[in-house]
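Just so it is clear, none of the values below were taken in a lab; they were calculated from the coordinates. Just so it is clear, the model here is predicted, and its values are computed rather than measured. Positions of Cβ are generated from backbone atoms using ideal geometry, with glycine treated the same way; all protein chains shown enter the neighbour counts.
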Amino acid sequence: MIGYLTQALHHEMSAVQHYLTQSSLCELWGMSAEAASFRNEANEELVHANRLIQRMLILGVAPNATQLAPVRPGRTLAEMLVLDRQLELDAVRLYHDAAAYCARFGDGESAHLFEALMHDEESHLGELDSMLAALS
């Protein structure tokens, strides 16, 4: 369970860095609404990271997200959204596997946390699909 919690924290902190970078790029491009949207996503990922950190502390583990993925922001809004979709899809897969593992080994609280995070990420996937469809 600790391994999944650590992996999830790495992912969430990488996502924060990713979305903040995209927000900054959009600001530079004069796309203030999109910049605000990416900033909101970064904040949501921070909330997820905080929930993971709290769970780790409850389990007696010091959080340590040192393996951040390289930022791949994209060169256009459409490319950004495609990359974001992959990032969120990776999170859904991770949280699905983590929830199943935790449930199998009797850690219902961690399983519940991963399920809640998975549903948040699935919701964001739906939003990204709508945004990509609107750009087509």
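Counting only the Cα atoms, the stretch 8-67 fills a convex hull of 55 Å³ per residue. Summed over qualifying helices (DSSP H, 4 residues or more, each -39500 (n - 2.57)) and divided by its residue number, the chain shows a 222 nm mean residue ellipticity of -29000 deg cm²/dmol. Mean-square fluctuations from a GNM of the chain, with a 10 angstrom spring cutoff on Cα atoms, peak among 45, 27, 122 at 27. Helix 77-104 and the longest principal axis of the Cα set of the chain meet at an angle near 10°.
For the stretch 3-8, backbone phi angles converted through the Karplus equation (6.51, -1.76, 1.60; θ = phi - 60°) give residue-by-residue couplings of x, 5, 4, 5, 4, 5 Hz, Gly and Pro being listed as x.
A simple count of charges around residue 117, restricted to other residues whose Cβ falls under 9 Å of its Cβ and scoring Lys, Arg +1 and Asp, Glu -1, yields -3. Sites counted here are chymotrypsin sites (Phe, Trp or Tyr not before Pro) in a DSSP loop (not H, G, I, E or B) having no more than 16 other Cβ atoms within 10 Å; the longest part of the chain that contains none of them is 30-104. The 3J(HN,Hα) values that the Karplus relation (6.51, -1.76, 1.60; θ = phi - 60°) gives for the stretch 46-59 are, in residue order, 5, 4, 4, 4, 4, 5, 5, 4, 4, 5, 4, 5, 4, 7 Hz. Gly and Pro appear as x. The share of Cα pairs per 10 Å bin across the chain, counted from zero up to the longest distance, runs 13, 43, 29, 13, 2 percent.
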